[in-house]
1. Of everything in the range 223-236 that's of a type in the set (Lys, Arg) and away from the ligand (no atom under 12 Å from the Cβ), which residue is farthest from TYR528 (Cα to Cα)?
2. Look at the range 439-453 and say how many of its residues are within 16 Å of the ligand (Cβ to nearest atom), surrounded by fewer than 20 Cβ atoms within 10 Å (Cβ to Cβ) and in contact (Cβ under 8 Å) with a residue 40 or more places away in the chain.
3. Scan (1) touching a residue at least 24 places away in the same chain (Cβ under 8 Å); (2) over 20 Å from ILE5 (Cα atoms); (3) assigned to a helix (DSSP H, G or I) for the single condition GLU86 breaks and write down its number.
4. Would you point out the residue of the range 470-484, among those that are more than 10 Å from the ligand (Cβ to nearest atom) and of a type in the set (A, V, I, L, M), that is nearest to PHE245 (Cα to Cα)?
5. Name the residues in the range 125-169 that are under 24 Å from ARG542 (Cβ atoms) and part of a loop (DSSP other than H, G, I, E, B), would you?
Amino acid sequence: MEKKIKRNFYCGDLREEHEGNDVCLSGWVQTRRDLGGLIFVDLRDRSGIIQVVFNPEYEEAFKKADEIRSEYVISVRGKVSKRPEENVNPKIPTGYIEIIGQEIEILSKAKTPPFLIEDDAKVDEIVRLKYRYLDLRRPKMKENIIFRSKLNKAIRDFLDENGFIEVETPILTKSTPEGARDYLVPSRLNPGKFYALPQSPQLFKQILMIGGMERYYQIARCFRDEDLRADRQPEFTQLDMEMSFVDVDDVISLNEKLIKYVVERVTDIKVNIPFPRITYNEAMEKYGSDKPDTRFGMEMVDVSDAVINSDFKVFKDAVENGGKVKGINIVNGSNLFSRRQIDELVEKAKEFGAKGLAWINIAEEGIKSPIAKFFSSEQIENLISKFNAKTGDLIVFVADKDPELVMTSLGSLRLYLAKTLNLIEKDKFNFLWVTEFPLLEYSEEEKRYVAKHHPFTSPMDEDIYLLESEPWKARAKAYDIVLNGTELGGGSIRIHNTDLQEKMFEVLGFSKERAWNNFGFLLKAFEYGTPPHGGIAYGLDRMAMLLLGLDSIRDCIAFPKTQNASCPLTDAPSEVDQKQLKELHIQLKI
Ligand code: ASP
């Protein structure tokens, strides 16, 4: 029987110090170049690439080397040798050495791959996903997947050291309300009944606290059947945590330590804690967003009071009807924007929902503004001073009787300006907590108030009385962690008594019967001794994407789905046999 070559080194680990070693390597053929008398093979395994040279001295190996092609899987026996000066490639870590190949074993042949196994090869994403196993061989993809593994390890190490236990919760479960549509699984043994795939382990982690587990975590798969946006996946991974006997500060401070530990272990980013905190209201007022990007200034300023006495009807009407007038100062904007470009900015603001965009251009030659005629010169001076604006700046305003619309449209314009004016420093990592979220938000679709976070989130103690009279004014013990304008995670302190939880369901328009029908198991558990508890969940895919500086969340998921929730590799979802459907008591009607 042929003697097998048994790997004893990884390609990417070899260096000059290994010169003279006899090594056995295994991997994929990156390239094969036949230079007449010599055959050069770049051999790749997970650790990297090394050059193997075959010469006619080892006749059999030389002959076999002639047969191999890109992506063949081979084993090689050979000797590590210094490369001649002129062949040194300082761009790769193994570039100072090569292997003099003495023996080859072809383990598996390969068809010509549909794209080059290189980082910068331009390939359609569907093709990459269809041949994901080839895509994963590309260095960057490989690094991303390894990064995920390191990230998980760092998380586990920290949480283990801090008294957390990892508990798995069911995938086949009862619908858990996180506000999205459930994925349903028909039950064969219980005709007409369905499991739901968990949108998050929320109810189970709360029950684990009632079960006395004290500190829980899980790197959990969650499923939400939503129309997909660019950085969303129908199944995604959360780092899910829950702690007993804690308040908001406890959860926040532990999580700051977690973030610092994990991020500093897996990246070169320095993390300073504690992170700044901002209330939801302040975030909306200053940035027009509940996930503000604080890598640049351009904060919004409320000028409602300063315009109320002007003759400008648009501003006056907005304020008098319960709305606001807010503006931002574009430093140096007068010099950066031509008249035509200001008009384009007005159109942009409209795209973001504003009815219009007023402006004051503080040009060198004097103030230019279509609204200046409605203001006295003191009023204009006063207005400008609110922004600390100076000659060369451009102030833009949005007014509306809907204050929310003023904030969000101007907030979007702020982000747009930062991008177009290149105000965002790429290597800044600004972590930040947003706290005191509203307990409820109005759902236009359902024509009722729904929980802003989820129905188990506790109101702030001082706002509990509002549940009777004006529940929409109540704030919640809820917090989000934001990184560079993206929500990394969110959580809350939970309600831990049946009465308050029932009250909350009532506010949400659930009858007592329906509440018990849907969540009876939790409400019942509350009756048997419930510790105060709270937690948080992070979108781990998104966190990895941001830390890796990727543009697409799919680049850090081994087997992601496309925009229409399908998998080009396996062709899921797909039709199933009639027999399977029958067993599940399902009839199709499409
Ligand atoms: N279950 C929540 C979510 O998935 C997080 C939490 O409240 O801990 O967003």
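The values are calculated or read from the model by the stated rules, or taken from the named source; none is laboratory data. All figures in this text were calculated on a predicted structure; none of them were measured in a lab. Every residue, glycine among them, receives a Cβ derived from its backbone with ideal geometry; neighbour counts consider all protein chains shown.
1. The selected residue is ARG229.
2. Number of matching residues: 1.
3. (1)
4. Our first condition is that a residue be more than 10 Å from the ligand (Cβ to nearest atom); within the range 470-484, this holds for 470-477, 481-484.
Imposing the further condition that a residue be of a type in the set (A, V, I, L, M) reduces the set to 474, 476, 481-483.
Details: ALA474: 23, ALA476: 18, ILE481: 21, VAL482: 25, LEU483: 27 Å.
The selected residue is ALA476.
5. Going through the range 125-169, the residues under 24 Å from ARG542 (Cβ atoms) turn out to be 125-126, 128-129, 132, 135-136, 138-160, 162, 164, 166-169.
Hits for the range 125-169 are LEU136, ARG138, ASN162, PHE164, VAL167, GLU168, THR169.
So that you can scan it fast, the table gives a plain yes or no per residue for (1) touching a Pro at 6+ places or on another chain (Cβ under 8 Å); (2) part of a helix (DSSP H, G or I); (3) more than 29 Å from GLY485 (Cβ to Cβ):
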| site | (1), (2), (3) |
| --- | --- |
| ALA306 | no, yes, no |
| ASN309 | no, no, yes |
| LYS316 | no, yes, yes |
| VAL325 | no, no, no |
| SER334 | no, yes, no |
| GLU344 | no, yes, no |
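Results for (1) hydrophobic (A, V, I, L, M, F, W, C); (2) within 21 Å of ILE342 (Cβ to Cβ), shown as yes or no for each residue.
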position	(1), (2)
VAL271	yes, no
ARG277	no, no
LYS286	no, no
ALA306	yes, no
VAL331	yes, yes
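Let's see how each residue does on (1) part of a loop (DSSP other than H, G, I, E, B); (2) of a type outside the set (Asp, Glu); (3) within 23 Å of THR420 (Cβ to Cβ):
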residue	(1), (2), (3)
ILE252	no, yes, no
ASN255	no, yes, no
GLU264	no, no, no
ILE273	yes, yes, no
GLU282	no, no, no
LYS286	no, yes, yes
ASP293	yes, no, yes
GLY297	yes, yes, yes
